[in-house]
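Since the structure comes first, as structure tokens, the remarks are kept for the end.
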Amino acid sequence: MYTFSSRLKTFSLVLIIIGALGIGYGFFTAPKTVDDVKAMMHNAEDSHGAATAEHTEVDDHASKDVHEVTGAIKGEHATENDHEAAGEHGDDAGHYEHVLMQAQNRPWTAIYVPMIFFLLISVCALVYYAIQRAASAGWSPLLFRVMEGVTGYIGIGSLIVLAFLVASAMHGNHMFAWMYASADPTAANFDFAMETKDWWLNIPGFLIRAVIYVSIWIGFRHFILKNSRLQDESGDLKYFKRSFNLSVVFLVVFLVSELFMAFDWLMSIDHHWFSQLYSFYVFASMFVSAITVIALVTIYLRSRGFLPQVNDSHIHDLAKYMFAFSIFWTYLWYAQFMLQWYANIPEEATYFYPRLLGEYQPLFIGMLIMNFVFPILVLMNSDYKRIPWFVVLAGLIILTGHYLDVFVMVAPGTVGSHWHFGIPEIGALLFFAGLFIFVVFNSLTKAPLLPKENPFIKESEVFHY
Amino acid sequence: MSSKVIHALYDDDDVLLNAVKEVRAAHHHIDEVYTPFPVHGLDKAMGIPPTRLAIMAFIFGVTGLAFSIWFLNNIMIVDWPQNIGGKPSFSFLENMPAFVPVMFEMTVFFSAHLMVITFYMRSKIWPFQTADNPDPRTTDDKFLMEVAVDGNEDALIALLEKTGAEEISVKEKH
């Protein structure tokens with residue numbers, strides 16, 4: 001039976017408190033009015049000094065417009081429609097409003113990225129667990145309790161996401177631009193994309209679907225874990241068979257829910273753009289992160305002496321999955337990227353422009369190196385995958401890479417080209433990391449770490465490569 | 001120096017694996033084991049050092065990657081510049097995404113083919129090579145262990161009988 005060590009508990013609570021302060025700071029310092037934005041932008045301009053040279057290079061309407069404003073204020077535009085939310089080539093007032101929205105989105109984006117990241121890690125850990133169940137895997141039953149523990153975050157993580165989405169739906173933030181657009185051609189906020197997407201991207205449907213997704217995840221987690229506990233108490237094989245059936249059904253239902261979840265929660269941020277591969281790409285990203293987290297938690301517990309039967313071969317197998325799914329992620333990422341890059345159709349290229357060539361280029365290329373080049377070189381050698389500290393190192397870099405991946409999925413559509421990675425972002429990451437550690441290790445204490453009644457437990461104990 | 005070998009025939013892979021461990025524990029030298037199918041763990045039990053084929057595979061792969069980069073750069077950029085997807089930048093780096101499938105396939109092609117050839121060379125399997133299998137039954141359902149006779153021949157035969165060999169014969173090594 002695992003007991004939550006007080007040191008780790010203190011550590012996670014400290015992370016939560018520091019993180020909460022960071023989040024609070026983000027909201028406190030976010031600009032409130034258009035005047036704040038103007039002051040902020042002029043300050044930035046002054047501090048840059050002779051910034052004209054570098055700014056003219058940047059193909060970015062925000063900085064260009066600043067120059068127009070500082071040069072000669074074009075008053076005649078101000079009377080025009082200043083509700084043009086898109087503000088692509090709008091007037092100055094509309095433009096400033098747009099910049100204000102992006103600046104106000106910053107603390108929300110800072111929360112959104114780790115919130116989604118840790119929830120989907122938890123859900124994908126359940127998927128990994130269900131795959132082991134559905135495949136009747138013989139090597140992994142020793143790790144079942146670890147996987148069950150990592151899924152412990154699904155409940156609270158889902159509630160936080162739902163609260164966030166409700167806040168978005170009540171126009172508490174501008175994370176989803178389509179919530180401010182109208183399908184009516186005569187409306188001031190008309191958006192051509194909404195004419196065809198309105199039937200799916202509407203606020204009631206969005207919220208109902210969000211509730212459906214999370215109830216599927218929470219519900220299946222509840223029943224699969226309940227079965228697993230019952231099996232351990234009674235030793236009855238009928239629970240083992242029922243776990244198999246539940247896992248198979250969950251895998252099918254999950255894939256459908258994940259497909260639409262990624263469309264709703266991530267792809268709709270850039271609602272003019274579309275990619276049918278997107279959901280699988282998100283899944284691959286989160287699945288490899290989930291396996292990495294399972295490996296990290298396993299190595300941590302083993303180093304504390306809680307999983308004496310787990311040997312290097314189990315770590316080796318988890319590391320093989322990390323390697324394999326890093327390649328799988330790259331395959332899907334590339335399949336999505338290459339076709340759109342090659343075709344170069346404007347409506348598709350708009351998604352990749354800020355990422356590949358714009359301000360997100362360092363993150364975009366950086367995460368590609370961390371998620372592909374690094375794992376393929378480091379985790380290729382069979383012997384290295386058996387060294388725990390080596391797997392931890394590789395795992396931390398893979399997790400960082402996929403965190404950046406989610407950041408690059410979300411941020412260009414919400415905060416625009418002026419991204420930062422400052423106190424709000426780090427604070428939110430620490431907050432959710434602390435919460436995740438706290439909840440996961442708490443749920444690990446709920447049951448003995450050895451599922452002794454699993455019929456494959458002997459095979460798992462003698463497993464060797 | 002004796003040039004005699006003992007051929008011990010087994011009919012089960014588990015019995016064989018235990019026999020290999022026992023013979024090695026008694027400090028006899030096992031020259032070779034002939035089996036109709038790969039026996040899991042046999043190489044470790046025999047004390048054969050791990051294969052270096054994986055290292056060669058990596059080197060071949062890197063060779064293929066390097067070759068494909070030179071190859072594509074020469075064809076598409078240097079020798080006869082081509083307009084790729086409406087991006088006539090004539091820069092290898094900017095057009096690189098279009099080349100990735102070729103680079104990937106070349107890496108796999110080099111790695112796979114050269115690895116097979118290396119394996120054949122290392123296993124001495126080349127054209128017109130005849131099989132040096134001492135007993136044709138090992139291609140069907142029997143396992144044969146070839147042990148070098150070193151010192152007491154009778155003691156070794158007794159040991160092999162004890163491990164469950166169903167047929168033991170002493171041969172001159174030619």
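Label point 7 Å out from A:Lys446 along Cα-to-Cβ: which residues of segment A:202-226 have amide N under 13 Å? The answer is A:218-226, whose backbone nitrogens lie closer than 13 Å to the label point. Modelled label positions at B:Glu167 and A:Leu357, each set 7 Å beyond Cα in the direction of Cβ, lie 7.5 nm from each other.
Taking GluC sites (Glu not before Pro) that fall in a DSSP loop and have at most 15 other Cβ atoms within 10 Å as cut points, what is the longest piece of chain A between them?
In short, A:89-465.
Extending 7 Å from the Cα toward the beta-carbon at both B:Asp11 and A:Thr400 defines two label points whose distance is 6.2 nm. Once Rh for segment B:129-174 is found with the Kirkwood sum over Cα pairs, what is the Stokes-Einstein diffusion coefficient at 25 °C and 0.890 mPa s, in µm²/s? The calculation lands on 201 µm²/s.
With the convex hull constructed from alpha-carbon coordinates only, segment A:132-240 shows a mean projected area of 9.6 nm² over all directions. Name the lysines eligible as straight-distance cross-link partners of B:Lys162: C-alpha to C-alpha under 28 Å, and not fewer than 8 places from it in the same chain. Result set, ordered by chain and number: B:Lys4, B:Lys21, B:Lys44, B:Lys142, B:Lys171, B:Lys173.
Candidate cross-link partners of A:Lys9 among the lysines, defined by an alpha-carbon separation under 16 Å and a same-chain spacing of 8 or more, comprise A:Lys446. Using C-alpha pairs under 8 Å with a sequence gap of at least 6, the mean separation divided by the residue count of chain A gives a relative contact order of 30 percent.
Relative to the current alpha-carbon distance between B:Phe109 and B:Asn74, full extension at 0.36 nm per residue lengthens the span by 10.7 nm. Computing FRET efficiency as 1/(1 + (r/R0)^6) for A:Tyr180 and B:Leu42, where r is the C-beta to C-beta distance and R0 is 60 Å, gives about 0.30.
Which of the lysines could be linked to A:Lys452 by a straight reach, that is with a Cα gap under 21 Å, when you skip same-chain ones fewer than 8 residues away? Counting by Cα, and skipping residues close in sequence, A:Lys452 has these lysines nearby: A:Lys226, A:Lys238, A:Lys241.
FRET efficiency for the B:Phe58 to A:Asp236 pair, using the beta carbon distance and R₀ = 30 Å, is estimated at 0.05. For helix B:92-122, what angle does its Cα long axis make with the longest principal axis of chain B, in degrees from 0 to 90 and rounded to 10? That helix lies at roughly 20 degrees to the long axis.
Can you give the longest run of chain B that contains no trypsin sites (Lys or Arg not before Pro) sitting in a DSSP loop with at most 16 other Cβ atoms inside 10 Å?
That gives B:53-123 as the longest site-free run.
By how many degrees, 0 to 90 and rounded to 10, does the Cα axis of helix A:154-169 deviate from the longest principal axis of chain A? Result, in degrees: 20. Taking Cα atoms only, the orientation of helix A:237-265 departs from the longest principal axis of chain A by about 10 degrees.
Using Cβ point charges alone (K and R +1, D and E -1), the dipole size of chain A about the Cα centre works out to roughly 3300 debye.
For chain B, the Cα gyration tensor yields ellipsoid semi-axes of 54, 15, 13 Å (square root of five times each eigenvalue, largest first, whole Å). Each of the chymotrypsin sites (Phe, Trp or Tyr not before Pro) that DSSP puts in a loop and that has at most 15 other Cβ atoms within 10 Å breaks chain B; the longest unbroken stretch is B:1-89. Between B:Asn152 and B:Asp140, the simple label model (points 7 Å from Cα in the Cβ direction) yields a spacing of 3.6 nm. A Förster radius of 35 Å combined with the Cβ-Cβ distance from A:Ile17 to A:Glu195 puts the calculated FRET efficiency at roughly 0.15. Using the Kirkwood radius over C-alpha pairs as Rh, can you work out the diffusion coefficient of chain A via Stokes-Einstein at 4 °C, viscosity 1.567 mPa s, in µm² per second? So the translational diffusion coefficient is about 54 µm²/s. Can you pull a Stokes-Einstein diffusion coefficient for segment B:53-122 at 25 °C (0.890 mPa s), Rh from Kirkwood over Cα pairs, as a whole number of µm²/s? So the translational diffusion coefficient is about 189 µm²/s.
No value in this document is a laboratory result; all are computed from the given coordinates. Quick caveat: nothing in here was measured; it's all calculated off a predicted structure. With ideal geometry, Cβ positions are generated from the backbone for all residues, glycine too; neighbour counts draw on all protein chains shown.
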